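Novice: Following this message is one structure expressed as structure tokens.
The values are calculated or read from the model by the stated rules, or taken from the named source; none is laboratory data. Keep in mind that this is a model prediction, so the values were computed, not measured. Cβ sites come from the backbone with ideal geometry, for glycine too, and all protein chains shown count toward neighbours.
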Amino acid sequence: MMKQKTNIFSMYRRASFTLMEIMVAITILGMISSLIYSSFSRSLEIPPYIRDIQERYHKVRVAMNRMASELSMAYMSKHVDPNTEESPRYIFRVKKDDPGSRIDFTSLSHFKMYEDVNESDQNEIGYFLQPDPNDREKINLVRREQKRIDQEPGWGGPVQILCDDVVDFEVLVWNFADEEWMDEWDTTQVEQFEQMPKIISLKLTVLDENGKELPFFTKTKIMLDTALDLNSI
């Protein structure tokens, strides 16, 4: 009988845990819990990070699409009286600016927002880079629109941010005569007087999520590539 009790006691003693084993188990459990928490916390940080990247690229795509759409509706008219100061002027001008490029043109892309307003589908538009008013180290791509074409189509109208925090903006026009891309074009000068380019190339460079320069490209075709002349109709 005494021998049987000793065996049962030895079996219970072998089935228990020592303090060292419990401490090791708790340590392992703590490490696993820490890894799980770290994984979940990082997974919670990913959606806002991805959303910021998508919103950033969405702004760039919207800006590129809008510029391409409005440039496709650029036009010129020969119905200008140079002896009349009140006569509107029509231009398509691309020039190298500091920084980037600047483009000003007359267009048929204006959209009337209010009824009985003295406006039409004609307007003056300009795209260029401008320092951010709140942070001079940042550069924004801005859009200028004059709702009515006046005697100075390269100026006037409110300026609004089209895409913020960009690196560079480049505009090129295709010269069919010389079969080359040109970074300057001016329909008020003798070389391109009243001559509209047919294809426009736009390049907008921004910084990606890693701080590296990321260029976006698009091209558009001007529908009315010859100056309007109602006398020839």
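Matching residues to (1) part of a helix (DSSP H, G or I); (2) modelled with pLDDT under 85:
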residue	(1), (2)
Leu35	yes, yes
Ser38	yes, yes
Tyr49	yes, yes
Asn83	no, yes
Pro88	no, yes
Arg102	no, no
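Novice: Does the range 199-206 include one or more residues that are among the basic types (Lys, Arg) and assigned to a loop (DSSP other than H, G, I, E, B)?
Specialist: Taking the range 199-206 first, the residues among the basic types (Lys, Arg) are 203.
From the residues that got through so far, the ones that are assigned to a loop (DSSP other than H, G, I, E, B) too are none.
No, there is no match, as no residue in the range 199-206 is among the basic types (Lys, Arg) and assigned to a loop (DSSP other than H, G, I, E, B).
Novice: For the range 143-190, enumerate the residues that are of a type in the set (S, T, N, Q) and assigned to a loop (DSSP other than H, G, I, E, B).
Specialist: So the first thing to find is which residues in the range 143-190 are of a type in the set (S, T, N, Q), and the list is 146, 151, 160, 175, 187-189.
Matches in the range 143-190: Gln151, Thr187, Thr188, Gln189.
Novice: Using beta carbons and a limit of 6 Å, which pairs, at least six apart or on different chains, have the first residue in the range 214-233 and within 17 Å of Trp181 (Cβ to Cβ) and part of a strand (DSSP E or B) and the second one among the aromatic types (Phe, Trp, Tyr) and modelled with pLDDT under 80?
Specialist: As it stands, the answer is none, since no pair meets every condition given.
Novice: From the list Asp150, Asp168, which residue is within 16 Å of the chain's Cα centre (by Cα), over 19 Å from Met196 (Cα atoms) and surrounded by fewer than 17 Cβ atoms within 10 Å (Cβ to Cβ)?
Specialist: On the way: Asp150 fails: within 16 Å of the chain's Cα centre (by Cα).
Among Asp150, Asp168, only Asp168 is within 16 Å of the chain's Cα centre (by Cα), over 19 Å from Met196 (Cα atoms) and surrounded by fewer than 17 Cβ atoms within 10 Å (Cβ to Cβ).
Novice: Separate question: Only one of these is at pLDDT 70 or above, at negative phi and not in a strand (DSSP E or B): Ile22, Ile8. Name it. Talk me through it step by step, then tell me what you get.
Specialist: Working: Ile8 fails: at pLDDT 70 or above.
Just one listed residue meets the conditions, Ile22.
Novice: For the range 160-172, which positions are under 18 Å from Ile91 (Cβ atoms) and either modelled with pLDDT under 95 or touching a helix residue (DSSP H, G or I) at 6+ places or on another chain (Cβ under 8 Å) (or both)?
Specialist: none
Novice: Condition first: of a type in the set (Phe, Trp, Tyr) and closer than 18 Å to Gly100 by Cβ. Now tell me which residues in the range 186-233 satisfy that.
Specialist: Hits for the range 186-233 are Phe216, Phe217.
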